[in-house]
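Remarks on the structure that follows.
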Amino acid sequence: MRSDNDWRLQGQEKYLKGIKLVRRKYRQYAKNPDWDHDHCSFCWVEFCLKENCDSLKEGYATLDDYHWICPTCFEDFKDLFNWEVVSEPNS
Ligand SMILES: [Zn+2]
């Protein structure tokens, strides 16, 4: 649930409002192969690739994989941010 002054909201509307998101398994940001994990843009829950960690393995990403949003935050903020969920672009 979202509250009126939700601690997770830190100005993300500047770069995340009205954008397209795709639901996919977590993967590394292609431009920076040194990263093995990421954080939800709202609650900072961790996404990670390592087998032995219990972080999230799937979530909603911007099309360039730069920003990741966990399913909980997606549900809480989707009406506020007007996200458009698109299917995985065919490569
Ligand atoms: Zn989150």
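Here are a few things to note about the model shown:
- When both bridge partners sit in the chain, DSSP labels roughly 65% of those beta bridges antiparallel.
- Taking amide H as placed 1.01 Å from N in the peptide plane, Val45 has its amide H under 5 Å from the amide H of Cys40, each at least 5 places away in sequence or on another chain.
- A Gaussian network model of the chain, with springs between Cα atoms under 10 Å, assigns the largest mean-square fluctuation among Lys50, Lys14, Lys25 to Lys14.
- Of the chymotrypsin sites (Phe, Trp or Tyr not before Pro) found in region 36-84, those that fall in a DSSP loop while having at most 16 other beta-carbon atoms within 10 Å are Trp44, Tyr66.
- As a length-normalised measure over Cα pairs under 8 Å and 6 or more apart, the relative contact order of region 1-78 settles at 31 percent.
- Hypothetical label at Gln10: residues of region 36-72 whose amide nitrogen lies under 16 Å (7 Å Cα-Cβ projection): 38-47, 67-70
- Segment His37-Arg23, extension gain: residue separation times 0.36 nm, minus the distance between their alpha carbons: 3.4 nm
- Positive-end residue, the chain charge dipole about Cα centroid, Cβ charges, pick of Leu49, Cys70, Tyr60: Tyr60
We did not get these values from a lab; they are worked out from the coordinates using the rules stated. As the structure is a computational prediction, the values presented were derived from the model and not from experiment. Every residue, glycine as well, gets a Cβ built from its backbone with ideal geometry; the counts of neighbours run over all protein chains shown.
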